[in-house]
1. Report whether or not Ala52 is surrounded by fewer than 21 Cβ atoms within 10 Å (Cβ to Cβ), of a type in the set (A, V, I, L, M) and modelled with pLDDT of 95 or more.
2. Could you tell me whether the range 171-179 includes any residue that is within 24 Å of Gln263 (Cβ to Cβ), among the polar types (S, T, N, Q) and in contact with a strand residue (DSSP E or B) (Cβ under 9 Å, 6 or more places away or on another chain)?
3. Among the residues of the range 170-184, what is the count of those that are out of contact with any helix residue (DSSP H, G or I) (no Cβ under 9 Å at 6 or more places or on another chain), surrounded by fewer than 20 Cβ atoms within 10 Å (Cβ to Cβ) and not charged (D, E, K, R)?
4. Within the range 110-163, restricting attention to residues that are more than 18 Å from the chain's Cα centre (by Cα) and of a type in the set (Gly, Ala, Ser), which residue is surrounded by the most Cβ atoms within 10 Å (Cβ to Cβ)?
5. Which residue pairs have Cβ atoms under 9 Å apart, sit 6 or more places apart or on different chains, and have a first residue in the range 48-73 that is farther than 11 Å from Val4 by Cα and assigned by TED's automatic domain parsing to the domain that holds Val6 and a second that is surrounded by 14 or more Cβ atoms within 10 Å (Cβ to Cβ) and among the basic types (Lys, Arg)?
6. Filtering the range 207-230 down to residues that are of a type in the set (A, V, I, L, M, F, W, C) and out of contact with any His (no Cβ under 9 Å at 6 or more places or on another chain), which residue is farthest from Val241 (Cα to Cα)?
7. So how many residues does the range 208-227 have that are among the polar types (S, T, N, Q) and either over 18 Å from the mean Cα position of the chain (by Cα) or at positive phi (or both)?
8. So Ala141 passes all but one of these: (1) in contact with an Asp or Glu (Cβ under 7 Å, 6 or more places away or on another chain); (2) not assigned by TED's automatic domain parsing to the domain that holds Tyr229; (3) not in a loop (DSSP other than H, G, I, E, B). Which condition number does it fail?
Amino acid sequence: MIRVAVIGAGAFGREHARVYSEAAGSRLAAVCDIDESTGRPVADRYGADFVADYRELIGKVDAVSLTVPTESHATMACELLAAGLSVLVEKPIARTLDEADRIIEAAKRRGAALQVGHLERFNPAVIAAARIVTQPRFFEAHRLSMFTPRSLDIDVVMDLMVHDIDVILSFVNSEVVEVRAAGVPILTPRIDIANARIEFANGCVANLTASRVSAERVRKLRFFQPGEYVSVDYAAQEAAVVGVKPRPGGRPEFESRLLAIEQGEPLRLEIESFLAACEGAPEKVAAEDGRRALALAVDVTDKIREHATRAGVPFAW
């Protein structure tokens, strides 16, 4: 049994603890949080130990889920990886590329598993769509959420848009050549709504919108490739395809179908993948994937900063 701890008992951490407590091949050994009133009830619920200092986990567990604010990722992950623990770190992998590189180097030095929690990669609809990707030419992504007081240490690009950035990068086998972006603060000093246009060397274009001040929740991705239009609904776990079939001497025929999808909880699939990586399997969302998504998210944020500076819009960077 892989002995596992969850560090950070907030909304995400509680869900990680629940899944580990039910997962075959692992035992939730501990829950860690600097606030005992937050962490101990979660530990007690699943029969795990409670600790306030993550360093106390070294030597007592084999792997951890790191579900703490992004600003703490590098310090904690590097220390835990250096001690030989495998780490599942929530997205984004870090605040900066330098921090991401430190985390990746720490994992390589000890040969420890390091997986990044880009949850949508484990969404059954995304898994189904990935099987039919050929040469995508255009993407349209909308990720809108109602305001919540969580994740306010990062902006909407790192909080929400990075999900779609990661999925699109996994679908497009080409380098980014141009990024244009704009965004504004609404309810916080940071970027709360943003739009980005990303162009790849092969001519593919992605247009992404993310907002955490919406009146509704929307999580959809659409992409076009030769002869097909594919629509992915993350929330409903559905993917539909509209294809064009030529007919001799007549107008083309449009054929619509739903992709066959094996329903499942993305977090459970993510954790099962991580546990397999702890046993030597390759990480489905490797550290380098997390770094690549972070690099593009940083580029988007930089372009928003440039746009805001020209317009005289104040931000907290």
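1. So Ala52 passes the test.
2. Looking for residues that are within 24 Å of Gln263 (Cβ to Cβ), among the polar types (S, T, N, Q) and in contact with a strand residue (DSSP E or B) (Cβ under 9 Å, 6 or more places away or on another chain), one finds none in the range 171-179, hence no.
3. Number of matching residues: 3.
4. Taking the candidates together, the pick is Ala112.
5. Going by the 9 Å Cβ cut-off, the qualifying pairs are Phe50/Arg40; Thr67/Arg14; Thr70/Lys91; Thr70/Arg95; Glu71/Arg95; His73/Arg95.
6. Top of the filtered list is Val213.
7. 2
8. Among (1) in contact with an Asp or Glu (Cβ under 7 Å, 6 or more places away or on another chain); (2) not assigned by TED's automatic domain parsing to the domain that holds Tyr229; (3) not in a loop (DSSP other than H, G, I, E, B), Ala141 violates only (2).
The values are calculated or read from the model by the stated rules, or taken from the named source; none is laboratory data. Note that the structure is predicted; figures quoted are calculated from it, not measured. Every residue, glycine among them, receives a Cβ derived from its backbone with ideal geometry; neighbour counts consider all protein chains shown.
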